[in-house]
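Participant: Mind having a look at this structure? Questions to follow.
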Amino acid sequence: EDEDLPKGLRQLKLPPDKTSNSNKILQFQRNRTTRIKLDRKSLNFTPSCEFTGREAVSAVTRAQSQVCKQRIVNVTCLNQQGLLYPERIQSLCPHSPGFIDKPVSLGCFKDDKTLRILSGYYHVFKGNNSPERCAFLCLQSGYLYAGTEYSVECFCGMEKPSQLKRLPDSSCNMKCSGNPKYSCGGYLTINVFWTGIQKFKAQEARNTSIDGESEKPARIAYLLTVNGRASRQVKRLINILYHPSHLFYIHVDARQDYLYREMLEVEKSCKTNNIKVARGENLRHASIWGGASLLTTLLKSAQQMLAHHHHWDFLVNLSESDFPIKNNVQLTQFLSLNKGMNFVKSHGREVQRFITKQGLDKTFVECETRMWRIGDRKLPDGIQIDGGSDWVALSRDFVEYVANPNPDTLVTDLLKVFKYTLLPAESFFHTVLRNSKFCNTYIDNNLHVTNWKRKLGCKCQYKAVVDWCGCSPNDFKLEDFSRIRNTIDRNLFFARKFESIIDQRIIDRVEEWLYSENLNKTVNAKGYDAYWQSLYHAADLSPLTDDAQLTVSNSLARLIFHKLNVNYKDVRLLETTAYFKQNQFVGILILAEVTLQQQTVQQKRIESLVYPRHNFSTSREWLGKIQSLSVNTDYDQKEKTFRNLIGSIGPYSYPVLSYEFDTGITTPQNLSILWVDPYGRLAEVNYIQLEEMTLTGYVKPQFNEHLVVGTWHLFLVADSLLVAKMNFLVTPLAYWKNKKIDPEKAKEVNNASVDSYHITEEMNKKWSHLLNSVNFYERTIHMTDNEIKINSNLDQWIDKLVQKHYEIDKICNVNDTELKLQKCINTYWSSLSPDTKADINNLC
Ligand code: UDX
């Protein structure tokens with residue numbers, strides 16, 4: 001499970017032709033045979049070729065801009081004419097087999113657990129260099145020694161790897177002999193029974209030539225490709241990895257304003273100049289998941305890192321969700337003994353299977369921050385395709401070779417192939433390594449442990465960004481610690497993924513373990529058991545904030561000043577932050593200010609801790625049986641949690657109900673879930689059956705696109721008895737695309753009333769007794785159109801609703817002496833209070 005095998009990707013079904021509106025989440029249809037035609041009238045250019053390929057036509061149709069459509073068309077035409085990249089690429093690996101029926105010279109190689117023959121997957125056994133002989137040579141050379149075992153897997157069949165069949169025994173030669181069309185190959189795996197770094201070192205010491213340079217401790221250049229808003233976790237990562245001899249180069253996704261500003265602060269605080277942030281259009285990319293842009297990012301960043309005056313020996317790339325699982329001394333020691341080697345993790349499966357699963361036999365085009373699938377392709381002959389994980393540790397020599405701005409033909413040709421490849425970073429480096437003169441520096445270990453839980457992580461969650469179903473590893477949790485500890489003897493130095501908002505305790509545990517000598521200092525540091533993650537910052541232009549979130553945050557800012565009886569006119573929301581304590585989400589922090597114009601202009605800035613109210617009750621019989629019930633948006637199926645921490649739902653949101661029942665519940669149990677709108681109308685009914693194994697789960701109601709604003713109600717009914725009820729707010733919007741909404745738009749968005757729901761008469765009748773028994777607030781007050789529409793009234797209306805769903809608790813004072821409030825810096829909860837683990841001020 002912890003291996004970085006192919007992502008178990010499968011093809012995403014393409015939408016039917018009428019789905020030209022790609023703003024919506026695409027509905028991917030099942031019927032593969034539907035034919036779609038290119039609507040030439042929708043193009044303002046003439047396609048350079050005739051094409052009918054279903055995938056390409058679908059991509060052109062779905063793309064929004066003419067620029068993107070044209071790019072897709074051009075690449076499709078070049079692909080059809082076979083002009084995208086050469087048909088054949090010459091491998092430069094001295095012992096590359098090229099063809100499987102030629103005797104090849106085999107190499108031997110070191111790694112922590114397995115030793116593999118270098119020259120690839122298929123080898124002919126006859127001749128001098130049989131795997132057996134290779135193993136013997138390896139033994140003699142000292143890379144292997146007693147306690148080594150090797151196994152040979154045997155294949156037989158036609159020349160193409162996909163046509164080779166694995167044989168149950170090693171009777172390969174016998175079975176194939178006599179038929180000139182058939183050839184035989186073997187795959188050698190050598191299992192080594194030594195473990196532990198010490199042994200590795202002892203072994204290595206014998207093989208390392210002793211010169212001045214190789215004696216120096218290895219210097220690492222970390223390439224951090226980061227995305228999202230977890231700036232404090234990234235700072236914590238830099239804190240734990242930091243050493244003056246290492247270089248840190250940080251690439252922030254071009255769309256992430258907040259994280260970029262935060263990283264610039266990190267760079268500024270480091271006077272020693274070994275933390276650098278990528279700047280400017282040429283060096284910052286919108287590196288979408290699985291996109292060709294991620295490879296561009298890695299290569300461009302590598303060039304910058306090479307140009308940096310700080311010398312380094314290895315490039316190690318990490319993301320915001322990686323964390324070390326060995327300390328800096330251990331990592332440096334290991335790399336010092338392995339200078340010149342390249343650490344990448346291979347899929348470890350049959351190559352053809354990897355190629356199909358990974359979509360390597362498809363052409364993809366990146367534009368409009370999406371990877372469009374445009375059709376099948378034939379990969380070039382003459383080279384070995386390899387891939388696995390895109391987390392790597394590469395030697396300086398290899399980086400100089402592969403990221404050279406004027407690369408040789410092999411790299412140039414492979415770059416052409418990988419420019420149109422999904423998840424290119426997962427195969428490009430492997431393939432270059434395998435086929436270049438560096439082939440004998442390949443080590444099948446990327447130094448990483450990855451927390452794959454494919455049942456949870458493969459939910460096709462990237463379909464909004466790629467025409468493919470991708471998978472993601474899960475976050476580690478405290479209960480996984482023994483798994484991490486068990487890697488103590490293995491050459492594994494990093495793990496992924498970690499997210500403080502999901503589980504910070506595991507990160508704490510790992511850090512305490514790695515640096516136990518600092519335990520007291522670490523654990524007692526200020527803010528240790530707390531975590532803050534930004535949700536909004538007033539300086540953000542990109543990405544756009546959710547309008548419902550902005551509406552609720554602004555409303556809370558007004559309500560806070562109102563509570564303080566401060567006579568204000570304009571309240572300015574500065575920041576919204578999610579606050580966690582003891583590994584639990586506590587609430588939302590609102591940082592805001594007002595400008596008072598009395599004799600002098602005065603600014604008052606405060607921060608407040610706000611709790612979302614859980615307007616939830618259960619019948620007496622069901623007390624304690626429901627552990628949690630919540631309605632929210634952005635449900636993450638992989639981590640089984642909502643990502644929308646403020647819990648704001650707007651008229652265009654897709655609410656989801658998540659539930660967790662107690663194990664003591666009598667099962668099976670049928671439950672009906674009634675969704676009732678603010679006017680008391682039944683909008684949807686869902687049914688769930690609780691079984692022993694399905695006590696937690698989620699339900700997605702099917703609503704019309706536009707939700708009626710106001711307080712909604714949810715009823716849980718078991719055996720026609722109401723067992724629980726809760727309500728949730730669908731907030732009217734005060735913002736549209738992050739700007740103050742204009743009255744016209746406000747009317748359209750906030751005033752809509754849905755004429756009918758997909759509810760039958762019969763259903764309404766069935767549940768009428770329940771619906772009539774509840775006094776619906778919105779039904780009882782008469783709200784005229786004018787009250788809703790106009791701006792200040794709109795704010796009042798929103799504040800009234802928000803007040804019912806959020807509770808303002810603590811307030812602190814940032815800069816004012818008049819307000820009789822605690823200073824924010826002295827609280828334990830404010831985003832301005834000390835947080836040592838993420839404090840980089842005294843780092844360098
Ligand atoms: C999985 C694999 O583990 C990883 O090797 C592969 O690159 C993508 O799929 P996953 O957790 O799904 O990882 O991806 P994630 O770690 O979120 O993103 C991969 C890298 O791309 C990170 O460095 C991330 O910062 C970056 N990224 C992702 C962006 O820069 N922008 C985005 O919009 C998404």
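Participant: List the pairs whose first member sits in region 487-514 and is hydroxyl-bearing (Ser, Thr, Tyr), whose second member is within 16 Å of the ligand (Cβ to nearest atom), and whose Cβ atoms are under 6 Å apart, counting only residues at least 6 apart or on separate chains?
Facilitator: Close Cβ pairs satisfying both conditions: Thr487/Val449; Ser500/Gln233.
Participant: So which residues in region 502-534 are among the aliphatic types (A, V, I, L, M), surrounded by 14 or more Cβ atoms within 10 Å (Cβ to Cβ) and closer than 27 Å to Ile825 by Cβ, if there are any at all?
Facilitator: Passing the criteria: Ile507, Ala525, Ala530.
Participant: State yes or no: is Ser653 among the polar types (S, T, N, Q), out of contact with any Asp or Glu (no Cβ under 6 Å at 6 or more places or on another chain), part of a loop (DSSP other than H, G, I, E, B) and open to solvent by 10 Å² or more (accessible area, probe 1.4 Å)?
Facilitator: It is true that Ser653 is among the polar types (S, T, N, Q), out of contact with any Asp or Glu (no Cβ under 6 Å at 6 or more places or on another chain), part of a loop (DSSP other than H, G, I, E, B) and open to solvent by 10 Å² or more (accessible area, probe 1.4 Å).
Participant: Further question on the same structure: Would you please name the residue that is nearest to the ligand (Cβ to nearest atom), looking only at residues in region 307-364 that are of a type in the set (Ser, Thr, Tyr) and touching a Gly at 6+ places or on another chain (Cβ under 8 Å)?
Facilitator: Ser346
Participant: Do the conditions hold for Asp816, that is, is it open to solvent by less than 30 Å² (accessible area, probe 1.4 Å) and assigned to a loop (DSSP other than H, G, I, E, B)?
Facilitator: So Asp816 fits the description; yes.
Participant: Which residues, counting only those in region 678-703, are open to solvent by less than 40 Å² (accessible area, probe 1.4 Å) and over 29 Å from the mean Cα position of the chain (by Cα)?
Facilitator: Scanning region 678-703 gives Pro678, Gly680, Leu682, Ala683, Glu684, Val685, Asn686, Ile688, Leu690.
Participant: How many residues, within region 559-593, are open to solvent by 40 Å² or more (accessible area, probe 1.4 Å), charged (D, E, K, R) and more than 19 Å from Arg229 (Cβ to Cβ)?
Facilitator: 4
Participant: Can you pull out the residues in region 46-82 that are over 16 Å from Phe364 (Cβ atoms), in a loop (DSSP other than H, G, I, E, B) and open to solvent by 30 Å² or more (accessible area, probe 1.4 Å)?
Facilitator: Passing the criteria: Thr46, Ser48, Glu50, Thr52, Gln64, Ser65, Gln81, Gly82.
Participant: Right, next: What number goes with the only condition from (1) outside any loop (DSSP other than H, G, I, E, B); (2) modelled with pLDDT under 95; (3) under 23 Å from Ser553 (Cβ atoms); (4) open to solvent by less than 70 Å² (accessible area, probe 1.4 Å) that Leu729 does not pass?
Facilitator: All conditions are met except number (2).
Participant: List, please: which pairs have Cβ atoms under 6 Å, are six or more places apart or on different chains, and start with a residue in region 461-477 that is among the β-branched types (Val, Ile, Thr) and end with one that is more than 9 Å from the ligand (Cβ to nearest atom)?
Facilitator: Val465/Arg370; Val466/Met371
Participant: Considering only residues that are surrounded by fewer than 23 Cβ atoms within 10 Å (Cβ to Cβ) and not in a loop (DSSP other than H, G, I, E, B), look in region 403-417 and name the one that is nearest to the ligand (Cβ to nearest atom).
Facilitator: Leu415
Participant: Which pairs turn up if I take residues in region 377-390 that are within 26 Å of Trp452 (Cα to Cα) and look for partners that are open to solvent by 20 Å² or more (accessible area, probe 1.4 Å) and within 16 Å of the ligand (Cβ to nearest atom) with beta carbon separation below 6 Å, at least 6 apart in sequence or on another chain?
Facilitator: Final answer for the pair search is Gly388/Lys345; Ser389/Lys345.
Participant: Then there is this: State which residue pairs qualify: first residue open to solvent by less than 10 Å² (accessible area, probe 1.4 Å) and part of a strand (DSSP E or B) and inside region 601-614, second residue of a type in the set (Ser, Thr, Tyr) and modelled with pLDDT of 90 or more in any location, beta carbons under 6 Å apart, and separation of 6 or more residues or different chains.
Facilitator: Final answer for the pair search is Glu607/Ser830; Val610/Tyr806.
Participant: What's the number of the only condition in (1) buried (at least 20 other Cβ atoms within 10 Å of the Cβ); (2) at pLDDT below 95 that Trp675 fails to meet?
Facilitator: Among (1) buried (at least 20 other Cβ atoms within 10 Å of the Cβ); (2) at pLDDT below 95, the lone unmet condition for Trp675 is (2).
Participant: Here's something else I'd like to know. Out of the residues in region 445-473 that are within 9 Å of the ligand (Cβ to nearest atom) and among the polar types (S, T, N, Q), state the one that is most open to solvent (accessible area, probe 1.4 Å).
Facilitator: For region 445-473, the residue satisfying everything is Gln461.
Participant: Name the residues in region 368-384 that are open to solvent by 20 Å² or more (accessible area, probe 1.4 Å) and among the hydrophobic types (A, V, I, L, M, F, W, C), would you?
Facilitator: Answer for region 368-384, where residues must be open to solvent by 20 Å² or more (accessible area, probe 1.4 Å) and among the hydrophobic types (A, V, I, L, M, F, W, C): Leu379, Ile383.
Participant: Within 16 Å of the ligand (Cβ to nearest atom), touching a helix residue (DSSP H, G or I) at 6+ places or on another chain (Cβ under 8 Å) and assigned to a loop (DSSP other than H, G, I, E, B) - does that describe any residue in region 426-439?
Facilitator: yes
Participant: If I filter region 287-312 down to residues being open to solvent by 20 Å² or more (accessible area, probe 1.4 Å) and part of a loop (DSSP other than H, G, I, E, B), which single residue comes out as nearest to Lys463 (Cα to Cα)?
Facilitator: Among them, the one singled out is Trp289.
Participant: Please work out if Lys326 is open to solvent by less than 20 Å² (accessible area, probe 1.4 Å) and in a loop (DSSP other than H, G, I, E, B).
Facilitator: Against the criterion (open to solvent by less than 20 Å² (accessible area, probe 1.4 Å) and in a loop (DSSP other than H, G, I, E, B)), Lys326 qualifies.
Participant: Does Trp289 fit the bill of being at pLDDT 95 or above and within 14 Å of the ligand (Cβ to nearest atom)?
Facilitator: It is true that Trp289 is at pLDDT 95 or above and within 14 Å of the ligand (Cβ to nearest atom).
Participant: Follow-up. Which members of region 237-276 meet the condition of being open to solvent by 10 Å² or more (accessible area, probe 1.4 Å), within 15 Å of the ligand (Cβ to nearest atom) and not in a helix (DSSP H, G or I)?
Facilitator: Answer for region 237-276, where residues must be open to solvent by 10 Å² or more (accessible area, probe 1.4 Å), within 15 Å of the ligand (Cβ to nearest atom) and not in a helix (DSSP H, G or I): Tyr249, Ala254, Arg255, Gln256.
The values are calculated or read from the model by the stated rules, or taken from the named source; none is laboratory data. Values in this document were obtained by computation on a predicted structure and should not be read as measured data. When we count neighbours, we look across all protein chains shown, and the Cβ atoms used for this are built from the backbone with ideal geometry, even at glycine. Ligands, DNA and RNA are stripped out before the accessible areas are found, and what is left, the full protein with its side chains, is counted by its heavy atoms. Shrake-Rupley method; radii C 1.70, N 1.55, O 1.52, S 1.80 Å.
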